Structures are given as structure tokens and as C-alpha cells.
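A.B. asks: Let me give you the structure first, and then I'll get to my questions.
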Amino acid sequence: MSNRKLNMKDKYRLLTRDLEWEYSYQDYEEIFKQESFEGIKITDWSKWEDPFRLTMDSYWKYQAEKEKKLYAILDAFAQNNGQQNVADARYVNAIKLFLTGVSPLEYQAYNGFAHVGRQFGGVGARVACQMQSLDELRHVQTQIHAMSHYNKHFDGFQDFAHMHDRVWYLSVPKSFFDDARSAGPFEFMVAIGFSFEYVLTNLLFVPFMSGAAYNGDMATVTFGFSAQSDEARHMTLGLEIIKFMLEQHPDNVPIVQRWINKWLWRGYRVLTLVAMMMDYMLPNKVMSWQESFEVYFEEAAGSLFKDLARYGIEMPNYAADAIAEKEHLSHQAWGIFYNYGHAAAFHTWMPTDQEMDWLSEKYPNTFDKYYRPRYEEWRKMEEAGERFYNPTLPMLCQTCQIPMGFTDMENPTMTSYKQSVYDGERYNFCSTGCKDIFDHEPEKYVQSWLPVHQIYQGNCGGAEMEDVLGEYYKMNLGADNLDFKGSPDEARWNAWHNLEPAEDKLKKAS
Amino acid sequence: MSKVYIALQDNEESRYIVEAIEEDNPDATVIYQPAMIRIENEGHLVIKRETVEEMMGRDWEVMALHVNLITLGGNVDEDEDQLSLTWND
């Protein structure tokens, strides 16, 4: 039996844990300088458990298999003009939002995990972070590859990285990751590994991918599932780091609880974009935001926090605020984007009659009461040739950077408005969660790069709307922005399918 | 007791994995969704290499599960013979 293959646990021990050595001539604190400043106490890194026990040789083997499957399908999609088979051209705007808003986060995650992996004294955690870092780089690359095909046929894809660093609504996801990456290594792991990957990523990827599957977008389903196949490992790393910190020292519990409270709320606010995508941007609907929120947040996070209760960890108090918003969030977000449709690098539109009926059915308590009347008014204006675009710039929340358009859930027609004064200046917030986060670290958040403030300070290309949108954001004005109706995207789509534009149909009918 | 869950891409390989899960976890619920299959169970779910191999009629490594995996919920324990998901409540 001497040539017997090693079992998985032994192989993992030899190829991961056994790579560590004793530090004999350098101080541990000098090598791992960032390990202690956040107040997290680690007494024994050998207690770290990697549930998947993945070694580098197996990692390459299975990642290569995933890539081969993915690229075979991307080739087939391009060769068969897959872009013509999506449900309708409005759908592609969900993909524009993904490329400009989400894919650059994968790159940020790659940087972040490469950095924090270096900071941990435990070899198991270092190897797991290294693998996740490589995964994230693979995700951003495959997403850019997959969506480059859409860039040949639709507007709004061409300058995604430039836009991500500048455009007002993209500062919401960008600042979320900047916030995480400028924290210490353990807070980063709670922010991204636990809150984002474990608790929230299902709400991002699963609806996007099922939505793509229902809307004929084979390329996105495939890159999404390929990325998601790594996600189970990331989620498990996120849960492991939490359990490890909690088991290492009781002093860690309140620190971890505060980070969980903060990062669940920060992440949930970023998912506002997903809520609106699901309810408004998919021509063929899969499930409503509310339904997916109930399955992937209320139910899944409920089970998770029950499991963590033995450590003294509780469901964050802001979860109740998120639950209270579930029947409003997507409608308020789409309203904001419809208002600022001239300043977005994707198209917006009013839902069709059929889509409004679906919204009424899915949101019986809120849609007809609060949102349908507004939409009907906007539609009337549109039909009169006066499509509404809001010419003023909105006030932004200092923490999440979303325009202050959310309402008070006790009184859903009133704007939710909180404020704090710090060092003689007044700061504005959309919610208790965002205000508390600021109040705990004001010296961090007073530095936020708020797009609206930057425009007013003259730092974004000039004083006119065209200077900001065209010169500074690099939008192709008249092509990337404005309503879907009348856009070059619509014209091309109609030409491919020999369809009449909606306006011509109306003219003929009248 | 909370539910653990696992979701797999809906494809030819997963079909056998799902059959094996059903055999080893008779109380589990299998839900077919667009392009994916979600399996959930109260408290505990196990995927056994031996049963999957029997269904597929060939050798199969537990790690190969990752190729078709979409998401999961629960504490994971994996070795060469099985992958299990549990909640400790």
C-alpha cells in the first residue's frame, strides 16, 4: 500500500498547511503588520478550517474545465448572432448596467483579496484568499470577453472602466468597494467575504442569471454560472472567517457584530440596482425583487443568523428596515433613473400596460397606490412629446451615495431624511443605517467623492450638462443616454427584425 | 430547524447528481427553476460519491461538483467520499 494515493485531508495538510514555516529571525508583527490594529485577537491560526480542502493542483484542474466550457459557448453565441435572439433590445440595458456597475467590482475584489491574503498569519487563510483573488480576476476577464460581443451591436458598453470611476450612479458600487478596501484586512473579509459573498451575492447573481436565461441571453447565463461556480467556495470562506474570529476570542464578538451591521446595510443599498433591474429591465420576468428578497435574504439570512446565535451574533437591526422597503425599493429606484435618463449610460422607459399589470399583481399593497399614478402622468407627458427629464442635480446620501429618493416607510410619500453635524458641517443621509455608519467613522466618510458635489465644485469637465456627460463621463450623447424609444439601439433592433418603431405605429393608428 | 440548500446548473451531469441526492436524502425537496435546480432540506443534506458514481456509471470525484455548483447554504464539510451541509441549531 506504499503507493496509495493520499486522501484529500492529508493532501490538503501537506500542500497547504505544511508550506508554513517558523519565523526565526523576523518579528511576527513586522511580517504581518496589519493583523492586530483592528482589535481582532487571534490566538491560534492552526484552528482555521478550510471546509473544501482545495489544493492548488485541483484548483487549476477544475478552473481549466470551467474555462473550456465557457469559451466554447461564448464562441457559439457570437458565431450564431446570439445578440439578435434576446427577448427585446431593452433587455441589453441590464447587461450595460452589469458591465459598468458590477464587473469592475470583480477587479476590486481581485485586488482586495490579493492584499488581505498577504496580511494574515495563517497559511490556510492565505491560500484561500489567493485562490479567491485569482477567481475574481477570472470573473472580470470573462465578463469583459462575453460582453465585448454586445459592444459590437449596442451603445453604452464602450467606456465601462472610465465610467465606473466617474459616473454618478456608478459611484454607488464603486464607493462600496473603496470603503471595504480602505478598511483593515479583517473588516474587508467581513465586508466582502461574509456580507457581500455569503449573504448578498445570491441576490445579485442568481436573479441576473435566471433573468438572462429567460431573456435568451446565452452568453450572460454562461459567464454568470461560470463565475457563480466559484461563489460557493467564496461564500464558505466568508462564513469560515466569521466563525474563526468568533471562536478565537470573546473580545472579537462586538467588533464582528458591528461590522456585520454596517456591511449588510452597505451591501443591501448597492443591490438597489439589482432590484430595479429585476422588476423593470427584464422584458420576460423571472420573479419580483420582493420574491427573491424573501427567498435569498429573509429565509437564507434567517437560517444563517440562527446558526450564528450560539456565538452571540444577532441579525442586524437594519434588516427590519430592508424588509420594510421590499415593496417600494425597485419602484423608487426606477423612478430616479427615469428622472435622470439623460444622464445614464443606458436607456430607461415607462413600463408597457402588460408590465404595469404584472407590477400591480406582484406589489398589490404599493404599486397601484403610489407608483402607477406617477407613471401614468409621465406617460401622458411622453405622449404629448414632453418626456420628463429632471434638469436639477439630486442631493446624495453621504454614505451610500444614492440620490435621496427613498421614502419613510411609515409615511411612503415623504422623503426619508436624516442628518448629522460633524466639525461644523451638515451631512445628509437616506436612512438610519447610513447615518450610523457615518457617525461611527465620520473622519472616513467626510472624504467621500460625491459626484454631485464634484460637479458643482467644477471638477467634472465644466458647468454645462454636456460638458459633464459628454466630455467627462465620455457618454455618446444621443446614443448611450435618453429614453429607449427613439434610440439608435431601438432602430437597429427594429431593422434586424423588420419591426416598425412604436411611434410610427401610433401615427398610423391616429 | 433551518433549511440547508444547494443549487446546481441544470445539465446532463447534474441530472445524475440530483438523482443521487434524492436517493440519499429522501426528505429533500427538489425545485426546478430556469437553468438551475435547487435542492433543500431541513437541517442536513449529503452528496455521496458512491451514489453519484452508481447513477453515472463511472468514476466521479466530489470536487467535480464545483463545476456545476451555483450556490449553497449551510456549514460545509467535504472529503473524498462526500460533501455535507448542516445547520447547528
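The values are calculated or read from the model by the stated rules, or taken from the named source; none is laboratory data. Given the structure is predicted, the values throughout are model-derived calculations rather than measurements. No Cβ is skipped: glycine too gets one built from the backbone with ideal geometry, and neighbour counts run over all protein chains shown.
A.B. asks: I'm trying to understand the selection: among the residues of the stretch A:215-237, which are more than 7 Å from every other protein chain (Cβ to nearest Cβ) and among the small types (Gly, Ala, Ser)?
C.D. replies: Listed by number, the residues that qualify are A:216, A:219, A:224, A:226, A:227.
A.B. asks: Looking only at the stretch A:415-450, which residues are among the basic types (Lys, Arg), free of Cβ contacts under 8 Å to residues at least 40 places away in the same chain and not in a strand (DSSP E or B)? Lay out the reasoning, then the answer.
C.D. replies: Initially, the stretch A:415-450 is screened for residues among the basic types (Lys, Arg), giving A:418, A:426, A:435, A:444.
Filter once more, keeping what is free of Cβ contacts under 8 Å to residues at least 40 places away in the same chain: A:418, A:426, A:435.
Across the stretch A:415-450, the qualifying residue is only A:435.
A.B. asks: Being within 10 Å of chain B (Cβ to nearest Cβ) and buried (at least 24 other Cβ atoms within 10 Å of the Cβ) narrows it down to one residue among A:212, A:191, A:180; which is it?
C.D. replies: On the way: A:191 fails: within 10 Å of chain B (Cβ to nearest Cβ); A:180 fails: within 10 Å of chain B (Cβ to nearest Cβ).
Step by step, each of A:212, A:191, A:180 is checked, and only A:212 is within 10 Å of chain B (Cβ to nearest Cβ) and buried (at least 24 other Cβ atoms within 10 Å of the Cβ).
A.B. asks: Here are B:50, B:23: which of them is away from chain A (no Cβ under 12 Å) and farther than 26 Å from residue A:60 by Cα? Reasoning before the result, please.
C.D. replies: Numbers: B:50 fails: farther than 26 Å from residue A:60 by Cα.
None of the others qualify; the one that does is B:23.
A.B. asks: From the list A:112, A:101, A:117, A:124, exactly one residue is of a type in the set (Gly, Ala, Ser), at negative phi and touching a Pro at 6+ places or on another chain (Cβ under 6 Å). Which is it?
C.D. replies: Details: A:112 fails: touching a Pro at 6+ places or on another chain (Cβ under 6 Å); A:117 fails: touching a Pro at 6+ places or on another chain (Cβ under 6 Å); A:124 fails: touching a Pro at 6+ places or on another chain (Cβ under 6 Å).
Testing whether each residue is of a type in the set (Gly, Ala, Ser), at negative phi and touching a Pro at 6+ places or on another chain (Cβ under 6 Å) leaves just A:101.
A.B. asks: Next up: What residue, among those in the stretch A:38-61 that are among the hydroxyl-bearing types (Ser, Thr, Tyr) and surrounded by 18 or more Cβ atoms within 10 Å (Cβ to Cβ), is nearest to the other protein chains (Cβ to nearest Cβ)? Let's see the steps before the verdict.
C.D. replies: Residues of the stretch A:38-61 among the hydroxyl-bearing types (Ser, Thr, Tyr): A:43, A:46, A:55, A:58-59.
Still in the running and surrounded by 18 or more Cβ atoms within 10 Å (Cβ to Cβ): A:55, A:58-59.
Values: A:55: 10, A:58: 6, A:59: 9 Å.
So, considering only residues that are among the hydroxyl-bearing types (Ser, Thr, Tyr) and surrounded by 18 or more Cβ atoms within 10 Å (Cβ to Cβ), the one nearest to the other protein chains (Cβ to nearest Cβ) is A:58.
A.B. asks: Let me ask you something else. Among the residues of the stretch A:288-317, write down those that are closer than 19 Å to residue A:250 by Cα and either in a loop (DSSP other than H, G, I, E, B) or touching a residue at least 60 places away in the same chain (Cβ under 8 Å) (or both).
C.D. replies: First, pick out the residues of the stretch A:288-317 that are closer than 19 Å to residue A:250 by Cα: A:305-316.
Correct list: A:308, A:311, A:312, A:313, A:314, A:315, A:316.
A.B. asks: Condition first: within 8 Å of chain A (Cβ to nearest Cβ), surrounded by fewer than 16 Cβ atoms within 10 Å (Cβ to Cβ) and among the polar types (S, T, N, Q). Can you find one or more residues in the stretch B:7-14 that meet it?
C.D. replies: Pass one, the stretch B:7-14, residues within 8 Å of chain A (Cβ to nearest Cβ): B:7, B:9.
Then drop every residue that is not surrounded by fewer than 16 Cβ atoms within 10 Å (Cβ to Cβ), which leaves none.
No - not one qualifying residue is present in the stretch B:7-14.
A.B. asks: Then there's this: If a residue has to be aliphatic (A, V, I, L, M), crowded, with 21+ Cβ neighbours inside 10 Å and more than 10 Å from chain B (Cβ to nearest Cβ) to count, how many in the stretch A:238-253 make the cut? I'd like the intermediate steps shown before the answer.
C.D. replies: Going residue by residue through the stretch A:238-253, those that are aliphatic (A, V, I, L, M) are A:239, A:241-242, A:245-246, A:253.
Okay, now just the ones that are also crowded, with 21+ Cβ neighbours inside 10 Å, so A:239, A:241-242, A:245.
Now drop any that are not more than 10 Å from chain B (Cβ to nearest Cβ), which leaves A:241-242, A:245.
Residues that pass the stated criteria total 3.
A.B. asks: While we're on this one: Looking at the stretch A:461-475, can you tell me whether even one residue there is at pLDDT 95 or above, outside any loop (DSSP other than H, G, I, E, B) and more than 27 Å from the chain's Cα centre (by Cα)?
C.D. replies: Yes - at least one qualifying residue is present in the stretch A:461-475.
A.B. asks: Scan the stretch A:142-150 and tell me whether some residue there is touching an Asp or Glu at 6+ places or on another chain (Cβ under 8 Å) and not in a helix (DSSP H, G or I).
C.D. replies: no
A.B. asks: Answer yes or no: is there a residue in the stretch A:319-341 that is closer than 18 Å to residue A:95 by Cα, of a type in the set (A, V, I, L, M) and part of a loop (DSSP other than H, G, I, E, B).
C.D. replies: Going residue by residue through the stretch A:319-341, those that are closer than 18 Å to residue A:95 by Cα are A:330, A:333-334, A:337-338, A:341.
Still in the list and also of a type in the set (A, V, I, L, M): A:333.
Among the residues that remain, those that are also part of a loop (DSSP other than H, G, I, E, B) are: none.
No, the conditions are met nowhere in the stretch A:319-341.
A.B. asks: Determine whether residue B:35 is closer than 25 Å to residue A:292 by Cβ, free of Cβ contacts under 8 Å to residues at least 40 places away in the same chain and facing chain A (nearest Cβ under 9 Å).
C.D. replies: Details: closer than 25 Å to residue A:292 by Cβ: yes; free of Cβ contacts under 8 Å to residues at least 40 places away in the same chain: yes; facing chain A (nearest Cβ under 9 Å): yes.
The answer is yes for residue B:35.
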